[in-house]
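Here the structure comes first, spelled out in structure tokens, and everything after it is commentary.
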Amino acid sequence: MQADADPNLIVYFGGAYVPLREARVGILTHALHYGTGVFEGIRGYWNEAQQELFVVRPMEHYERWKQNCGILRIGVPNTAAELSAITRELMRRNGLRTDVYVRPIAYKSAERVGVRPDDEDSFALIAMPFGAYLPSDQGLHAGVSSWRRIEDNAIPPRAKICGAYVNSALASDDAKQNGFDEAILLNESGQVAEASTCNIFMVRKGKLITPPVTANVLEGITRDSVMELAQRELGLEVVERPIARSELYICDELFFTGTAVGIAPVVRVDHRAIQDGVVGALTNEIRTVYFDAMRGNNQRYFKWLEPVYRSPDTQQQNANSLQEAHAS
Ligand SMILES: Cc1ncc(COP(=O)(O)O)c(C=O)c1O
């Protein structure tokens, strides 16, 4: 899925809340020419029964973003807690009462020609309505890409660097042209790394297996949530180890994880059905516990969620307007 945003959507740009149509960058912006930006992706899930929007693990996302910005020496002046508060404020200003995707982006913003970056940095936050990224209820057909995953010593894949996503775009486009729903990339050692925008897990002999963080993958926050949920809620053993391509063909179950996709089952790889070609039982269980936790239906995982409408800042705003009303 691709999301086109309403030009009147309020975004945070240049330190202010402005309509999207006014948030513009110049044609000579460094990041546009050289890919020198770092972005993030954060989810908000709407809970209809509770009439609440929950932001998923915003502190972890903003801390990862700030660390990754450090790899490119891009400075983001605000703390993770401040960025999280701006995110909730954006959602309230836009009256978002649906599933949401948040896109923070920090970039080298000097407008001049020359690849060496200087110290002029900017950032923006966008929060927009966003449904399912890859409709995957029936399971996806993935293809192993002929494009290899970028190496840490070339462009660190853990950092969500804008220019690095040319690698994902090439693989994703190629997969589409070849009739697949999504691409799986191998790293330069020939082992499974990840999909174009998600991490990968396979089930073999009752164990949940995923490549280690040194396999040229993004250190996914969904990956981390799934590992904890699988161990605590389903009692599964989780193993981080290299995965060979041919294991994808003979595994018991396969799925992708990521902020945008959530948990996306894979039922075919390279025209080969995984087992009987239907969504696996453990995958279904993991999906259920994942979405329950992220939509605010499992108290044990409230630690990961920040409510938008019942948040302390809303209560403070309400208290302030009450005080103002009393004073006038
Ligand atoms: C290349 C890549 N791998 C994995 C992921 C999943 O990471 P996360 O679960 O933190 O969204 C993403 C998306 O952010 C990604 O772009």
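What follows is calculated from the coordinates using simple rules that are stated; it is not laboratory data. None of the values given here were measured: they were computed from a predicted structure. Here Cβ is always computed from backbone atoms with ideal geometry, including for glycine, and neighbour counts include all displayed protein chains.
Ellipticity at 222 nm from helices only: DSSP H runs of n ≥ 4 in the chain, each -39500 (n - 2.57), divided by the residue count, give -9000 deg cm²/dmol. Computed over neighbours whose Cβ is under 12 Å from that of residue 119, the net charge equals 0, Lys and Arg +1, Asp and Glu -1. With coordinates expressed along the principal axes, the C-alpha atoms belonging to segment 165-227 extend over 34, 24, 22 Å, beginning with the largest. For segment 131-219, the set of trypsin sites (Lys or Arg not before Pro) satisfying both a DSSP loop assignment and a count of at most 13 other C-beta atoms within 10 Å is given as 205.
How high is the relative contact order of segment 22-84? Use alpha-carbon pairs under 8 Å, at least six apart in sequence, and give a whole percent. Show your work: numbers first, answer last.
On the way: 48 pairs, mean separation 16.8, N = 63.
This gives 27 percent for segment 22-84.
Evaluate the relative contact order of the chain (contact order divided by residue number), counting alpha-carbon pairs under 8 angstrom at least 6 apart; express in whole percent.
On the way: 644 pairs, mean separation 60.2, N = 328.
The normalised contact order for the chain reaches 18 percent.
What does the net charge come to around residue 136 if you take all other residues with beta carbon closer than 14 Å to its beta carbon, with K and R at +1 and D and E at -1?
Details: positive: 268, 287; negative: 137, 181, 182, 253.
Combined, the nearby Lys, Arg, Asp and Glu give -2.
If each residue's Cβ is checked for other Cβ atoms within 10 Å, how do 40, 151, 48, 219 rank with the fewest at the top? Show your work: numbers first, answer last.
Values: 40 22, 151 13, 48 9, 219 16.
In order of increasing Cβ crowding within 10 Å: 48, 151, 219, 40.
Normalising the average separation of contacting C-alpha pairs (under 8 angstrom, six or more residues apart) by the number of residues puts the relative contact order of segment 82-214 at 17 percent. Which distance in Å, rounded to a whole number, links the C-alpha centroids of segment 44-58 and segment 194-251? Cα centres, segment 44-58 to segment 194-251: 26 Å. Listed by chain and number, the lysines whose alpha-carbon sits under 26 Å from that of residue 66, ignoring those within fewer than 8 places in the same chain, are 108, 160, 303. Put in line by how crowded their Cβ is, counting other Cβ atoms within 10 Å and starting with the fewest, 311, 145 read 311, 145.
Once you sort the root eigenvalues of the Cα gyration tensor of segment 78-194 as a ≥ b ≥ c, which label holds: rounded (a/c under 1.5), prolate (a/b larger than b/c) or oblate (the other case)?
Details: a/c = 2.46, a/b = 1.22, b/c = 2.01.
Judged from the Cα gyration tensor, segment 78-194 comes out oblate (a/c at least 1.5, b/c at or above a/b).
D by Stokes-Einstein for the chain, Kirkwood Rh over Cα pairs, 20 °C, 1.002 mPa s: 102 µm²/s. Karplus-based coupling profile of segment 115-127, in residue order and whole Hz: 6, 5, x, 10, 9, 8, 10, 9, 8, 9, 10, 10, 10, with θ = phi - 60° in 6.51 cos²θ - 1.76 cosθ + 1.60 and x standing for Gly or Pro. Per-residue 3J(HN,Hα) values for segment 195-209, derived from phi via the Karplus relation 6.51 cos²θ - 1.76 cosθ + 1.60 with θ = phi - 60°, read 8, 5, 9, 8, 7, 10, 10, 10, 9, 9, 6, x, 9, 9, 10 Hz in sequence order (x marks Gly and Pro).
Would you mind estimating how fast segment 135-287 diffuses translationally, via Stokes-Einstein at 10 °C and 1.306 mPa s with the Kirkwood radius over Cα pairs, in µm²/s? It would help to have the intermediate numbers written out before the result.
Details: Rh = 15.2 Å.
D = 105 µm²/s.
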